[in-house]
Amino acid sequence: MNKAALFEQIQKKQSFLCVGLDTDLSKIPSHLLVLDDPIFEFNKQIIDATADLAVAYKPNIAFYEALGAKGWESLKKTLDYIPQEIFTIADAKRGDIGNTSGLYAKAFFEQMDFDSITVAPYMGVDSVKPFLAFEDKWVILLALTSNEGSADFQLIESKYGKPLFQEVLEKSLDWGNTDNMMYVVGATRGEKIGEVRAIVPDHFFLVPGVGAQGGSLEEVAKYGMNASCGLLVNSSRGIIYASKGQDFASAARQEAQKLQEEMKDLLTRYCH
Ligand SMILES: O=C(O)c1cc(=O)[nH]c(=O)n1[C@@H]1O[C@H](COP(=O)(O)O)[C@@H](O)[C@H]1O
């Protein structure tokens, strides 16, 4: 899927919502636990309840690999169940020396058919490029993350007098293009999103941190939206764990719908 197709879907659904499938056996409703594959059953119902409101799904790989072979199976079934036109993100935060990155890319782009993968930039160009060798696939590079520890390195001033996240953005600009690279920018960083947008005006951002981490959707749109929307805003726990009961899927839909309605309004105000 290219940038134009992604924007088309955003316009059609009036949404830039990414639903995070951070599916945890200890948090899903107990009535599902008797089933053969509770993780997949949970995801399936969440997808059924939100597919018309979401433009992307982001399974966080940790939640699946923590369960061993069975977890990978649930992940594959989930990925195959997601409707074709919806963008998929393997939130794996990979990146290693070139030949190893190439195999991570094969795992997520060939063994599984994800549209994109989150990648850590720390090891530099040769750790990122192998992911970009796959046609129609995307790298989502960590730029300014939502967590408290992001200040430990990302905000440190480099020898050129710029914060490290800025070096990451500037340096990586010519590694890919706006049809195969996005950047992670946390919703908890408010006006800093504007600083990132000034450096990379045309790229899409994956923005986690609304919902459970308290980031403001309004601020994200105000500082980050561009003429092609340029945003995929993720919420995981805030949507998928809206209820622990039999009504978990409809409760998830309600939360997703609240965000979508706000997004519709924000698209009208800021997407130009
Ligand atoms: O790459 C990510 O998706 C990510 C980057 C970041 O800076 N912060 C962040 O929270 N995430 C992920 O986004 C999701 C946030 O989940 P909730 O806080 O439950 O909405 C988790 O899967 C995180 O791993």
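Which distance in Å, rounded to a whole number, links the C-alpha centroids of the range 74-134 and the range 201-224?
22 Å
Heavy-atom accessible area of R253 with all protein chains present, probe 1.4 Å, nearest 10 Å²?
70 Å²
Using the scaling law 2.2 N^0.38 Å as the reference, what is the normalised Cα Rg of the chain?
0.96
Please compute the net charge surrounding S250, taking Lys and Arg as +1 and Asp and Glu as -1 over other residues with Cβ under 15 Å from its Cβ.
Neighbour charge sum, excluding S250 itself: 0.
How tilted is helix 248-270 with respect to the longest principal axis of the chain? Cα atoms for both, answer in degrees (0 to 90, nearest 10).
Compared with the principal axis, the helix lies near 30 degrees.
At 1.4 Å probe size, with the rest of the protein present, what percent of the exposed accessible area of the chain is carbon and sulfur atoms?
Result for the chain: 50 percent of the exposed heavy-atom area is carbon or sulfur.
Please give me, ordered by residue number, the GluC sites (Glu not before Pro) of the range 111-188 that lie in loop per DSSP and have at most 16 other Cβ atoms within 10 Å.
Listed in order of number, the matching sites are E135, E148.
With every protein chain left in place, what is the accessible area per residue of the chain in square angstrom, probe 1.4 Å?
Per residue, the chain has 43 Å² of solvent-accessible surface.
Restricting to bridges with both residues inside the range 58-181, how much of the DSSP beta-bridge set is antiparallel, in percent to the nearest 5?
10 percent
Tally the DSSP beta bridges in the chain and give the antiparallel ones as a percent, rounded to 5.
5 percent
The values are calculated or read from the model by the stated rules, or taken from the named source; none is laboratory data. Note that this is a predicted model, so its numbers are computed, not measured. We place every Cβ from the backbone using ideal geometry, glycine too, and count neighbours over all the protein chains shown. Please note that ligands, DNA and RNA were not included when accessible areas were found on the heavy atoms of the full protein model with its side chains. Shrake-Rupley method; radii C 1.70, N 1.55, O 1.52, S 1.80 Å.
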